[in-house]
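Please treat every number below as a calculation from the coordinates, not as lab data. Here the structure is a predicted model, which is why all the values come from computation and not from measurement. Cβ placement follows ideal geometry from the backbone for every residue including glycine, while neighbour counts extend to all protein chains displayed.
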Amino acid sequence: MARFDDEYYTEIKRSIVSAFQQLGFIRVPIDPMELMGANGIRPIPYLNAFDPWNLSHLMMLNDCPSGISFPLMTSDGSETWYAAYNNCESAKRARFTEAHECCHCLFRHRESSDVAERMADFGGGYMLVPPALIHELRLNTGAGE
């Protein structure tokens, strides 16, 4: 398992805060879909992105049951990042997957690795429950309570 030092975690946090700044406002609970939209990332539900009758699609989904992110080149040579997520999972699981895949896009991960997964896991959790925001808003209960 990849290990990060404090500076690395600080850099991940800065990237998430920068993504929040692109959104222009903060409300609780954090909506990963809004954050993706504000940062030019296009979310795609699995049911819209993949054909369940296509064997290659099924094999890819088997490797990535919750989510996958990827860039596609546009006609002008720029990249558009996409975050596909399994919209058949529970709402809480799908929400974390959206945040996790958003982080892969923000960090421009092009390949799967232990480091990339660890960054996206930490960044996704930090995105959904950023301690600085909790402190700033003086929150002491969960959003669902």
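Structural remarks
- Single unsatisfied condition, ILE16 versus (1) assigned to a strand (DSSP E or B); (2) aliphatic (A, V, I, L, M); (3) crowded, with 16+ Cβ neighbours inside 10 Å: (1)
- Some residue of the range 69-90 being under 14 Å from the mean Cα position of the chain (by Cα) and free of Cβ contacts under 8 Å to residues at least 12 places away in the same chain: no
- Listed by position, the helices (runs of 4 or more DSSP H) contained in the range 51-135 that have at least 2 residues being of a type in the set (D, E, K, R) are 91-106, 114-128.
- Of everything listed in (1) farther than 24 Å from TYR8 by Cβ; (2) without any contact (Cβ under 8 Å) to a residue 12 or more places away in the chain, the single unmet condition for SER112 is (1).
- Top-ranked residue in the range 67-92 [being surrounded by 13 or more Cβ atoms within 10 Å (Cβ to Cβ) and of a type in the set (S, T, N, Q); ranked as farthest from SER112 (Cα to Cα)]: ASN87
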